[in-house]
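A quick write-up on the structure given underneath.
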Amino acid sequence: MIDQDVLRCDFPAYLRKIADFTDDELIPTEPEMVDAGAVPERILDRMAALGLFGISIPRAYGGLEWTMEQQVRLTFEFTRASCVYRSRFSTVIGLCSQAILDHGTEEQRREMLPAMAAGELVTAFALTEEEAGSDAAHLRTTAIRDGADYLVNGSKRYITNAAWADAFLTFARTDPDEPGAAGVSALIVDARAPGVSTALPRYMNGHAEAPVGEIRFRGVRVPAGQLLGGVEGQGLKMALRGINHARLHVAATCVGQATRMLEETTAHLNGREQFGGPLADLGAVRSTLGESYAELEAGRALVMESARTFDRGEVPRHRIAAAKLYCSEMASRVADRCVQLLGGAGIVGPHPVPRMWRDVRALRIYEGSSPIHQRNLGRAMIEQVRADGTLPDTFRAR
Ligand SMILES: Cc1cc2nc3c(=O)[nH]c(=O)nc-3n(C[C@H](O)[C@H](O)[C@H](O)COP(=O)(O)OP(=O)(O)OC[C@H]3O[C@@H](n4cnc5c(N)ncnc54)[C@H](O)[C@@H]3O)c2cc1C
């Protein structure tokens, strides 16, 4: 339930609240979270009360309805803390709510969005399968119409929040004779329905406190009213709405993570003395920091510009993909340099930077891996230059 005073906040006051929450609660709780191997319940309750599950959901459906520019500015703040915290509400604010908002029926919106905004209904986005990772259009899970229901069979893997979600936005083949994207639909599946089971992996390299999970569907009956938008064959198009939103949030997450790593590392370098003075006085160290700062700010500017374009009503999907590609690579480069600058403290002991180094590595793999974005952007450039001589999403005055 979102606190009443939060619902009354204007944006500057809300941003301040989230910055304070990050500094006073999220960052100090990181060691406890790491020891417990999970985000503490009291932090999840605070996230819900502060409206973090509802930042992208319209007021009409119980959310806070911040613009995309405001959402990324909030993300820059709360992802100065471990990005594991964000992953607990990420699938609600981006992937799932936005697909439901744009493509769900009014009944589906009314049933799901207010509870999602309040943090009372956690949704996971179930697309990836063992045989369908980068090549998602060839997924094999089926949802075959059987009277008033769909009968769902198959399994998903690497699904964020799978083990504690209340519902899965599940992508399944409703037309088994159509092997590509045109045969795929989106269904809202109750996580407690008979035939649904989940499992967690034994090991996680990064994101260990919010592990991804497997979902198995064995003859699961899903009422036909749970077909997103009541339309078959549009599942992957519907998914893209949430994916574009989430990709920009991921890019902003990379900026937040790189900011924290550079703050922590610079503080260490100011305090650590070698060769008769602080390491921060060495020219080579300053060059590494300066280069990292320039890349961080380039990433921040790209995210902000993409968000502003988004708020003007044009979804700059190529620029968003470029932001996700650039920022995730930037965060990994910065993380690697920070670990180097920390020396042994970057490998031995509880410093937060090495943990973040492992966490940011995953950001180059999900929401489209870097090679997939490079390939798609190159293809889009070639096709558009062929068609009209311009580059994608440059919005030239012509
Ligand atoms: C922490 C985490 C959270 C995730 N959360 C979710 C979630 O909530 N929901 C969900 O549905 N999925 C989720 N995923 C899955 C994620 O989207 C997939 O891991 C991703 O799409 C890549 O698929 P794959 O792992 O099967 O890799 P593969 O498809 O096997 O690809 C492996 C590598 O091969 C290379 N490659 C593949 N295809 C090409 C190509 N055409 N050109 C060049 N190189 C290529 C890339 O380097 C790629 O990283 C998550 C993954 C992780 C790690």
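If the only charges are +1 at each Lys and Arg Cβ and -1 at each Asp and Glu Cβ, what is the size of the charge dipole of the chain around the Cα centre, to the nearest 20 debye?
Numbers: 45 positive and 51 negative charges, 153 e Å.
Roughly 740 debye for the chain.
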Expressed in angstrom and rounded, the centroid-to-centroid distance over alpha carbons for region 270-315 and region 324-398 is 14 Å
In terms of the alpha carbon gyration tensor, root eigenvalues a ≥ b ≥ c, rounded if a/c is under 1.5 and otherwise prolate when a/b exceeds b/c or oblate, region 170-261 is oblate
Highest mean packing first, using Cβ neighbours within 10 angstrom, the peptides 336-343, 12-19 sort as 336-343, 12-19
Residues meeting the amide H criterion for D149 (H placed from the backbone, H to H distance under 5 Å, 5 or more places apart or on another chain) are A224
Over region 237-387, the quotient of the Cα radius of gyration and 2.2 N^0.38 Å is 1.20
Expected vector for region 282-294, Karplus 3J(HN,Hα) from phi with 6.51, -1.76, 1.60 and θ = phi - 60°, integer Hz, x for Gly and Pro, equals 6, x, 5, 5, 4, 4, 4, 5, x, 5, 5, 4, 4
To the nearest Å², the heavy-atom accessible area per residue of the chain with 1.4 Å probe amounts to 43 Å²
Helix 68-78 sits off the longest principal axis of the Cα atoms of the chain, rounded to the nearest 10 on a 0 to 90 degree scale, by 50 degrees
Probe 1.4 Å, all chains present, heavy atoms only: D281 accessible area in Å², nearest 10, is 90 Å²
Singleton cysteines, the chain, no second Cys beta-carbon under 4.7 Å -> C9, C83, C96, C338
Karplus ³J(HN,Hα) for region 120-126 (6.51 cos²θ - 1.76 cosθ + 1.60, θ = phi - 60°; Hz, whole; x = Gly/Pro) runs 9, 10, 8, 10, 10, 10, 9
In terms of the charge dipole of region 242-341, which places +1 on Lys and Arg and -1 on Asp and Glu at the beta carbon, the residue among G283, A251, G271 farthest towards the positive end is A251
When the charge dipole of the chain is computed with +1 at the Cβ of Lys and Arg and -1 at the Cβ of Asp and Glu, the Cα pointing farthest to the positive end, of A99, H207, G233, is that of G233
As straight-line cross-link partners of K156, the qualifying lysines (C-alpha separation under 23 Å, not fewer than 8 residues apart within one chain) are K237
Where a ≥ b ≥ c are root eigenvalues of the Cα gyration tensor, a/c under 1.5 meaning rounded, otherwise prolate if a/b exceeds b/c and oblate otherwise, the chain counts as prolate
Ordering 123-131, 37-45 by per-residue average of other C-beta atoms within 10 angstrom, highest first, gives 123-131, 37-45
In the chain the accessible area split gives carbon plus sulfur, as whole percent at 1.4 Å, a share of 52 percent
With DSSP loop assignment and no more than 14 other C-beta atoms within 10 Å, the chymotrypsin sites (Phe, Trp or Tyr not before Pro) in region 294-398 are F395
By the Cα gyration tensor axes a ≥ b ≥ c (a/c under 1.5 gives rounded; else a/b larger than b/c gives prolate, otherwise oblate), the shape of region 36-83 is oblate
Of 135-146, 210-221, 257-268, ordering from highest average Cβ density within 10 Å down gives 257-268, 210-221, 135-146
Expressed in angstrom and rounded, the centroid-to-centroid distance over alpha carbons for region 218-257 and region 1-53 is 25 Å
Computed for region 124-233: size of charge dipole around the Cα centre, +1 on C-beta of each Lys and Arg, -1 on C-beta of each Asp and Glu, debye to nearest 20, value 340 debye
The Kirkwood hydrodynamic radius of region 283-351, taken as the inverse of the mean 1/r over all distinct Cα pairs, in Å, comes to 13.6 Å
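The values are calculated or read from the model by the stated rules, or taken from the named source; none is laboratory data. Given the structure is predicted, the values throughout are model-derived calculations rather than measurements. Cβ: placed from backbone, ideal geometry, glycine included. Neighbour counts: every protein chain shown. The accessibility values were calculated without ligands, DNA or RNA, using every heavy atom of the protein model including side chains. Shrake-Rupley method; radii C 1.70, N 1.55, O 1.52, S 1.80 Å.
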